[in-house]
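The values are calculated or read from the model by the stated rules, or taken from the named source; none is laboratory data. Keep in mind that what you see is a predicted model, and the values were worked out from it rather than measured. Using ideal geometry, Cβ is built from the backbone for each residue, glycine included, and neighbour counts are taken over all protein chains shown. Keep in mind that these areas ignore ligands, DNA and RNA; they rest on the heavy atoms of the full protein, side chains included. Shrake-Rupley method; radii C 1.70, N 1.55, O 1.52, S 1.80 Å.
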Amino acid sequence: MRRFLSAVLAAALLALVGASAMGAPREIVVYSPFPDEQIQDLARPFTAKTGIRVTNMVISSGEILARIKAERNNPQADFWLSVRALYLKEAVESTPPLIERYKPANLEGVAEAYKFPGSDYLVGVGMYPLVFFYNTTAMKNLKLEPPKNWADLLDPKWKDRIVMPHPATSGTAYSAITTILEMSKTEDEGWDFVAKLSRNISQFTRSGRAPQNLVARGEYPLGIGFFDAVYQLRDEGYPIEFVFPSPIYADPWCAAVVAGAKNPEGAKAFYDYLLTKEAQQILTKYGNYSVRVDVPAPKGGIPLSQMNVLDSDWIWASVHKNRILDKFQAVTQAE
């Protein structure tokens, strides 16, 4: 009897362990700044084909890097979605590396400009340009015209009427600051512009997407941020519109498999899927420009060919990140 019970118990334990082992790779945890609705819509075909569920943790891009660093000895995420190349460069060069050097399949449909041919882990997954956005009702009530270019943001009429993220916690804001520095004739001239702009900024938010929500609700008339969130809010019926400034920051966002992930194979499969035409078409529904040559711009969006795109140097932005953030704080005293 004891032998029989022992055998039954052993079989039960083996079944439990087996079920656990089989269950572990059926889910991946994704860190991204994207809303759950968008990730679930994006993941639905992937889950249907692979059986792998996708759980999204909504975190600002700049804070994701800090979180992955803190979790390096016990990673809680499998995949990092929507991140600039400069952050991934920092992550892969950490000791030990925070991400795997994995370049996904399905590159044949990706435009050459987004392939990062000199890298074994970087590829563009999507793109949303950096825009100015405004509340149409607020503008009408204030009897103001929206800015048309970067210089217009320095007009005293915008004092305490602009909201943007803080570059220490938001990749969105860091892109805005480096854009200003790179479009200026000299870096000193760029910092002078940043100082003047900061006098018109009423609030620096922690989240890169908070300004879009604040402007959509009419708490501020004007904001600076990425196009996709503005596109989605306008689709939802909010009185929000956008301006494509010249020059415009339009670098792609990327993704990565987290080093030491609990389900690295599932994360790699998801990465491969993201570059398919099916996934890229879903991304355009949320204001993302596709990196594939066979997927058009988001409905109602201006084609990339009609924008004056800044030839930004992401490696320079990565190498000088700490210096730029320190200088920003010294120049603006932003809280």
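Find how much the distance from Ser94 to Asp235 grows on full extension, using 0.36 nm per residue of separation minus their present alpha carbon separation; answer in nm with one decimal.
Values: separation 141, 0.36 × 141 = 50.76 nm, distance 4.00 nm.
Between Ser94 and Asp235, full extension yields an extra 46.8 nm.
Stokes-Einstein, applied to the Kirkwood radius of the range 197-252 over Cα pairs at a viscosity of 1.002 mPa s and 20 °C, places its translational diffusion at 177 µm² s⁻¹.
From most to least packed by mean Cβ count within 10 Å, the peptides 196-207, 106-117 give 196-207, 106-117. Rolling a 1.4 angstrom probe over the chain with all protein chains present gives an accessible area of which 54% lies on carbon and sulfur atoms.
In whole angstrom, the range 183-335 maps to an equivalent ellipsoid with semi-axes of 29, 22, 17, each derived as √(5λ) from the alpha carbon gyration tensor and ordered largest first.
The eigenvalues of the Cα gyration tensor, multiplied by 5 and square-rooted, give the range 48-102 an equivalent ellipsoid with semi-axes of 21, 13, 12 Å from largest to smallest.
Surface analysis of the range 92-230 yields an accessible area of 41 Å² per residue, using protein heavy atoms and a 1.4 Å probe. Using the empirical formula 2.2 N^0.38 Å as the baseline, the Cα radius of gyration of the range 75-129 reaches a ratio of 1.17. The long axis of helix 264-274 is offset from the longest Cα principal axis of the chain by roughly 50 degrees.
Taken about its Cα centre, the range 200-335 carries a charge dipole of about 200 debye when Lys and Arg each add +1 at the Cβ and Asp and Glu each add -1 at the Cβ.
Counting Cα-Cα pairs of the chain in 20 Å increments starting at 0 gives whole-percent bin shares of 30, 54, 12, 3, 0.
Note: the range 270-335, Cα convex hull, 185 Å³ per residue.
Between 0 and 90 degrees, rounded to the nearest ten: what's the tilt of helix 321-332 against the longest Cα principal axis of the chain? Relative to the chain, helix 321-332 is tipped by roughly 40 degrees. For the range 187-335, relative contact order (Cα pairs under 8 Å, six or more residues apart, normalised by length) works out to 25 percent. Since only Phe226, Ser207, Val54 are under comparison, the one whose Cα sits farthest along the positive direction of the charge dipole of the chain, derived from C-beta charges on Lys, Arg, Asp and Glu, is Val54. With Cα atoms defining each centre, the range 84-134 and the range 146-212 are spaced 25 Å apart in the structure.
Computed extension gain for Ser246 through Glu108, at 0.36 nm per residue and net of the alpha carbon distance, reaches 46.6 nm. Applying the Karplus relation 6.51 cos²θ - 1.76 cosθ + 1.60 with θ = phi - 60° to the range 51-66 yields 3J(HN,Hα) values of x, 8, 6, 10, 9, 9, 10, 7, 9, 5, 3, x, 7, 4, 4, 4 Hz, where x marks Gly and Pro. DSSP beta bridges confined to the chain are antiparallel in about 55 percent of cases. Would you compute the Debye intensity of the range 72-206 from its alpha-carbon atoms alone, equal scatterers and no solvent, and pass along log10 I(q)/I(0) at q = 0.10, 0.15 Å⁻¹ to two decimals? For the range 72-206 at q = 0.10, 0.15 Å⁻¹, log10 I(q)/I(0) is -0.49, -0.92. Using only alpha carbon pairs under 8 Å that are at least six residues apart, calculate the relative contact order of the chain and give it in whole percent. With pairs under 8 Å counted, the relative contact order is 25 percent. Taken about its Cα centre, the range 172-255 carries a charge dipole of about 280 debye when Lys and Arg each add +1 at the Cβ and Asp and Glu each add -1 at the Cβ.
For the chain, a crude dipole built from +1 on the beta carbon of Lys and Arg and -1 on the beta carbon of Asp and Glu, taken about the Cα centre, is about 880 debye to the nearest 20. The distance between label points at Lys159 and Asp272 comes to 5.9 nm (points 7 Å beyond Cα on the Cα→Cβ vector). Each Cα pair under 8 Å and six or more residues apart adds its separation to the average, and for the range 134-191 the resulting relative contact order is 13 percent.
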